[in-house]
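The values are calculated or read from the model by the stated rules, or taken from the named source; none is laboratory data. Keep in mind that this is a model prediction, so the values were computed, not measured. Here the Cβ positions follow ideal geometry from the backbone for every residue, glycine too, while neighbour counts run over all protein chains shown. Surface accessibility is based on the protein's heavy atoms, side chains included, excluding ligands, DNA and RNA. Shrake-Rupley method; radii C 1.70, N 1.55, O 1.52, S 1.80 Å.
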Amino acid sequence: MILAFIVEVIITYVVASFFSVRFIEVMFFTGLAFAGGLFYFLSSGGAMTRFYNSQASAQTGIIQKRESFIFKSGPIFTASVIFFLIGLTFFILLVTGIIPPNQN
């Protein structure tokens with residue numbers, strides 16, 4: 001979990017320095033990208049899986065057994081969601097003006 005935090009912080013820092021913005025201004029968006037990407041790759045299917053299964057069934061004539069949606073949460077996903085929530089908190093504070101804009 002700590003390794004996931006470190007990787008997310010490093011990538012967020014690189015993105016923030018590339019766009020010349022503060023770290024906390026990018027945290028929400030990178031946390032959302034990490035959590036969304038991990039949710040997509042850790043789940044057992046979705047629209048794309050059903051699409052590919054339907055294509056295979058149409059081409060072969062063999063009807064495949066449909067699996068129900070299963071999500072396998074782990075410590076990396078939990079770390080990404082925590083990073084996202086921290087970023088969301090900072091983003092709300094930035095938008096409401098509690099944290100002042102950057103004075104450069």
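For the chain, hydrophobic long helices are taken as DSSP H runs at least 18 Å long by C-alpha position along their axis with mean Kyte-Doolittle hydropathy of 1.6 or more; these are 2-19, 23-42, 75-96. Among ALA56, ALA16, ALA35, which one shows the biggest mean-square fluctuation in a GNM of the chain, springs joining Cα atoms closer than 10 Å? Its mean-square fluctuation being the largest, the pick is ALA56.
Please build a GNM for the chain, connecting alpha carbons under 10 Å apart, and tell me which residue among PHE90, PHE28, PHE71 fluctuates the most. Judging by the Gaussian network model, the answer is PHE71. Between PHE18 and LEU32, residue separation times 0.36 nm minus the direct Cα-Cα distance comes to 3.2 nm. Listed options for Kirkwood radius over Cα pairs in Å are (i) 15.4; (ii) 15.0; (iii) 16.0. The value calculated from this structure is the one marked (iii). Could you calculate the FRET efficiency of THR89 with TYR40 from 1/(1 + (r/R0)^6), where r is the beta carbon distance between them and R0 is 22 Å, rounded to 0.05? The pair THR89/TYR40 has a calculated efficiency of 0.40.
Using a probe of 1.4 angstrom and keeping all protein chains present, the accessible surface of segment 1-65 works out to 70 square angstrom per residue. Using +1 at the C-beta of Lys and Arg and -1 at the C-beta of Asp and Glu, which of VAL15, PHE83, GLY61 has the Cα lying farthest in the positive direction of the dipole of the chain? Result: GLY61, furthest along the dipole toward the positive end.
Comparing VAL26, VAL14, VAL81 in a Gaussian network model of the chain where C-alpha atoms under 10 Å apart are linked, the largest mean-square fluctuation is found at VAL14. Across the chain, Cα pairs under 8 Å and at least six residues apart give a relative contact order of 42 percent.
Placing +1 on the Cβ of every Lys and Arg and -1 on the Cβ of every Asp and Glu, with nothing else charged, gives the chain a dipole about its Cα centre of roughly 320 debye. On full extension, the segment bounded by GLN64 and PHE51 gains 3.5 nm, given 0.36 nm per residue less the C-alpha separation.
Apolar share of the accessible surface for the chain: 73 percent from carbon plus sulfur atoms, 1.4 Å probe.
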